[in-house]
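Undergrad: Please find one structure pasted underneath; my questions will follow.
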């Protein structure tokens, strides 16, 4: 009985890891706006005084409902973390961040899966 229980736990854990390993970012971009669940542009460099930008991600490979996180970094400092649901095997989602004009420099959004594994990094520059 103990062997069966251990085997069932091991199988459940390996299935969970396999599902997380299949999750990936098919499209990730920084944009000035979202319309009809899609980014209106792709930003690699932008004015620091713009005010607000969005991080759009299209997540593929989910085997069941899960979540991801967008972690917004200014240089090496985490300034925001937004947890977002993923509800199908092809899911579009986004988060946003407001900026102060003095926050010019290197930025990035790190995308994490539910187990906090990095699945993508989207860099951009505020000038």
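None of the figures in this text is laboratory data; all of them are computed from the coordinates on show. The model shown is predicted, which means the values in this text are computed figures rather than measured ones. Please note: Cβ atoms are built from the backbone with ideal geometry, for glycine as well, and neighbour counts cover all protein chains shown.
Undergrad: Would you check which residues across the stretch 61-88 are outside any strand (DSSP E or B) and crowded, with 16+ Cβ neighbours inside 10 Å and list them?
TA: Correct list: 61, 62.
Undergrad: Only one residue in 108, 58 is surrounded by 16 or more Cβ atoms within 10 Å (Cβ to Cβ), within 15 Å of residue 123 (Cα to Cα) and in contact with a strand residue (DSSP E or B) (Cβ under 7 Å, 6 or more places away or on another chain). Which one?
TA: Checking each option against the conditions leaves just 108.
Undergrad: Quick one: in the stretch 34-46, of everything that is touching a strand residue (DSSP E or B) at 6+ places or on another chain (Cβ under 7 Å) and assigned to a loop (DSSP other than H, G, I, E, B), which residue is surrounded by the most Cβ atoms within 10 Å (Cβ to Cβ)?
TA: So the residue we want is 43.
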